[in-house]
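The values are calculated or read from the model by the stated rules, or taken from the named source; none is laboratory data. Please read all numbers here as calculations on a predicted model, not as lab measurements. All Cβ positions, glycine included, derive from the backbone under ideal geometry; neighbour counts span all protein chains shown. The accessibility values were calculated without ligands, DNA or RNA, using every heavy atom of the protein model including side chains. Shrake-Rupley method; radii C 1.70, N 1.55, O 1.52, S 1.80 Å.
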Amino acid sequence: MLNSFQNHIDLRLPFLNKKKLLIAISGGVDSVVLTHLCHKLRFNIALAHCNFNLRSEESDADEAFVLDLAEDLDLEVFIESFDTKDYARNNKCSLQMAARELRYNWFKEIAEQLHFDYVLTAHHADDNLETFIINFTRGTGLEGLTGIPEVNDKFVRPLLPYSREAILGFANEYNIKWRSDSSNASVKYLRNKLRHEVIPVLKDINPSLLQSFQTTLNNLNEASVIVKDQMDAFLDRAIAKVENGISAFKISEFQKLTHPKAYLYEVFKKYGFTEWQDVTNLLEAETGKYVQSKTHRLIKNRAHLLVTEIELTSVPEIFTLNDLKNFETPLGTFSFEEVDSISKAGNTCIYVDKKMLHFPLTLRRKQDGDYFYPLGMSGKKKLSKYFKDEKLSLIEKDRTWLLCSKDDIVWVVGRRADNRFKVTDKTKQILKIELKK
């Protein structure tokens, strides 16, 4: 296996040579064999071990084993102890997910702080098959069936081509010791159930299961390249614009397709949507209808689908401006300046008759029943009717703020001033109000 591993590195992962590498090591046979292989090839390696404190004395024994191994091989080693149960409880996730998040976040932190070029993990061919089956049984798109990536940013998995059997054979050949995790024997976890009860049956049916599986993965990865090329060409046609955190897609391009639902899935899956029939229904829905995930909202707006991130930060609905000093807001900084004459106003600047203002001013979001007197008009207009006439999307409406004097709108910020506060020939004090972003 050593010669095979060297050839695999030279052919597929030559960039690992002469790099500073961090090996994620649990003490189990996979990561211990990876450590020995890299050590025999004289790679520049160090070890990183997570103690998740989930198996009491057994966890501590794993840590001691890794420390001894590092000493025997004269390697630098990093140990981190986690309160995994507390993390899982606070983040409302399973122990397995908590351990995964904790270790990967820590590995990234070490790599960044100590300038490791790559982090090596010991995933192998059987892990890949188990992951494939897990994704398959839970329901997934093509991306869930293309296997564990061999290279994913700083994370590299050099053992992916090798079976668990080959790894155990190498360990026995070189009399390598390792630690056994007792939790791996329990079939209450899905992965263990597949490992101990399902996959042995499949291997009995097809002794060349891993080789056949690798052929399938190769075919699926080639298919995924075709899908990506097709989607890139489609997005070139479908994306109308991307600005201010809003991406707009032409509905007409989806409607031309024989299977628009498949394209909608490929375009919007990264935003966390799951109700794909509801997403498809937006193509024929009324303007303003939307579908929401935990992080994003997809809105039908006339001829476009708009996707934007849901604002999770807590922003006050009302700000009070007590005087004419510069005032910081989520929109930017409002500045107030008395001037002698009017220059050209714009979306970020208006001129008002200072005497018409009543302090404190307020900056607030829209409310039902709001109306104002648009500058240049003599009559009043409901704000909802103004938004409709201006063809604002639901997102743009939600992002609109109003500068008010008492209950009167002075400025639909960034859009239109109110006629009641305009500068006339009777104005004695002209106030320039400007929003600086």
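Under 5 Å between amide hydrogens, built in the peptide plane, is the criterion, and for ARG179 it picks out GLY28, VAL29 among residues at least 5 positions away or on other chains.
Peptide packing for 251-258, 125-132 was compared via the average number of neighbouring C-beta atoms within 10 Å per residue; ordered from the highest value, the list is 125-132, 251-258.
Using the crude model of +1 on Lys and Arg Cβ and -1 on Asp and Glu Cβ, and no other charge, please compute the dipole size for the chain relative to its Cα centre, in debye to 20. Don't jump to the answer; show the numbers that get you there.
Numbers: 62 positive and 61 negative charges, 530 e Å.
Dipole of the chain, to the nearest 20 debye: 2540 debye.
Backbone phi angles across the range 269-285, fed through the Karplus curve with coefficients 6.51, -1.76 and 1.60 (θ = phi - 60°), yield HN-Hα couplings of 4, 5, 8, x, 6, 10, 8, 6, 5, 5, 5, 4, 5, 4, 4, 10, 7 Hz in residue order; Gly and Pro are listed as x. Rounded to the nearest 10 degrees, the inclination of helix 164-173 to the longest alpha-carbon principal axis of the chain is 50 degrees.
Averaging sequence separations of C-alpha pairs under 8 Å and six or more residues apart, then dividing by the length of the chain, give the relative contact order as a whole percent. Intermediate values should be presented prior to the final figure.
On the way: 620 pairs, mean separation 44.1, N = 437.
Rounded, it is 10 percent for the chain.
Once you've got the Cα coordinates, tell me which of LYS228/LYS294; LYS325/LYS432; LYS18/LYS228 are over 24 Å apart. Checking Cα-Cα distances, LYS228/LYS294; LYS18/LYS228 exceed 24 Å.
At most 15 other Cβ atoms within 10 Å and a DSSP loop assignment: could you name the GluC sites (Glu not before Pro) in the range 73-103 that fit? Mind showing how you got there, number by number?
Working: sites: GLU76, GLU80, GLU101; in loops: GLU76.
Loop-located and lightly packed - GLU76.
Each of THR362, ASN244, SER182 was placed along the dipole of the chain (beta-carbon charges, centred on the mean Cα), and the one lying farthest toward the positive end is THR362.
For the pair the range 367-406 and the range 195-235, the centres of their Cα atoms are 55 angstrom apart. One Cα centroid belongs to the range 25-61, the other to the range 133-160; the line between them spans 22 Å.
What FRET efficiency comes out for the pair ASN206/ALA262, r = Cβ-Cβ distance, R0 = 41 Å, nearest 0.05?
Details: r = 31 Å, r/R0 = 0.75.
The calculated FRET efficiency here is 0.85.
Ignoring lysines fewer than eight residues from LYS20 along the same chain, the ones with Cα atoms less than 17 angstrom from its Cα are LYS40, LYS108, LYS154. In this model, which of LYS269/LYS289; LYS380/LYS436; LYS397/LYS426; LYS366/LYS436; LYS261/LYS366; LYS406/LYS426 are farther than 24 Å apart at the alpha-carbon? Beyond 24 Å between Cα atoms: LYS380/LYS436; LYS397/LYS426; LYS261/LYS366.
Using 1/(1 + (r/R0)^6) with R0 = 60 angstrom and r between the beta carbons of LEU73 and LYS391, what's the FRET efficiency to the nearest 0.05? My answer for the efficiency is 0.30. Taking only alpha carbon atoms, the chain gives an Rg to Rh ratio of 1.13, where Rh is the Kirkwood radius.
Short-range pairs are left out: with C-alpha atoms under 8 Å and at least six residues apart, the relative contact order of the range 63-189 is 19 percent. 3J(HN,Hα) along the range 80-94, derived from phi through the Karplus expression 6.51 cos²θ - 1.76 cosθ + 1.60 where θ = phi - 60°, amounts to 10, 9, 10, 8, 5, 4, 5, 4, 4, 5, 5, 9, 6, 9, 6 Hz, with x in place of Gly and Pro.
As a rough guide to protection, the peptides 133-143, 406-416 ranked by mean Cβ packing within 10 Å, highest first, stand as 406-416, 133-143. What is the extension gain from ARG420 to ARG55, computed as 0.36 nm multiplied by their sequence separation minus the C-alpha to C-alpha distance, in nm to one decimal? Here the answer is 124.2 nm.
Return the carbon/sulfur percentage of the accessible area of the range 1-153, one whole number, probe 1.4 Å, all protein chains in place. All intermediate terms of the calculation are to be shown ahead of the outcome.
Values: 3630 of 7860 Å².
The computed percentage sits at 46.
Near GLU309, once Lys and Arg are set to +1 and Asp and Glu to -1 for all other residues with Cβ below 15 Å from its Cβ, the sum equals 0. Annotation: amide H-H contacts under 5 Å for LYS19 (H modelled 1.01 Å from N, sequence separation of 5 or more, or interchain): ASN44. A 1.4 Å probe over all protein chains sorts TYR189, TYR271 by accessible area into TYR189, TYR271, starting with the largest.
Here is the list for the range 287-390: GluC sites (Glu not before Pro) lying in DSSP coil, each with at most 13 other C-beta atoms within 10 angstrom of its C-beta, are GLU311, GLU317, GLU390.
One decimal place: the segment ASP236-ARG364 gains 42.2 nm when fully extended, by the rule 0.36 nm per residue minus the C-alpha distance. Excluding ligands, DNA and RNA, the accessible surface per residue across the chain is 57 Å² with a 1.4 Å probe. 3J(HN,Hα) along the range 251-265: 5, 4, 5, 6, 5, 6, 7, 6, 10, x, 4, 5, 6, 4, 4 Hz, from the Karplus curve 6.51 cos²θ - 1.76 cosθ + 1.60 with θ = phi - 60°, whole Hz, x for Gly and Pro. Basic side chains Lys and Arg get +1 at the Cβ, acidic Asp and Glu get -1 at the Cβ, and with that the dipole of the range 178-274 about its Cα centre reaches some 340 debye. What separates the Cα centres of the range 261-284 and the range 69-106 is a distance of 36 Å. Estimated from helical segments only, the mean residue ellipticity of the chain at 222 nm is -11500 deg cm²/dmol, where each DSSP H run of four or more residues counts as -39500 (n - 2.57). Positive end of the dipole of the range 122-275 (Cβ unit charges, origin at the Cα centre): among PRO161, PHE273, PHE132, the Cα lying farthest that way belongs to PHE273.
Around the amide H of VAL410, modelled in the peptide plane, lie the amide H atoms of LEU403, CYS404, SER405, all under 5 Å away and 5 or more residues distant in sequence or on another chain. Within the shell of other residues whose beta carbon sits under 11 angstrom from the beta carbon of ASP126, the net charge comes to 0, with Lys and Arg scored +1 and Asp and Glu -1.
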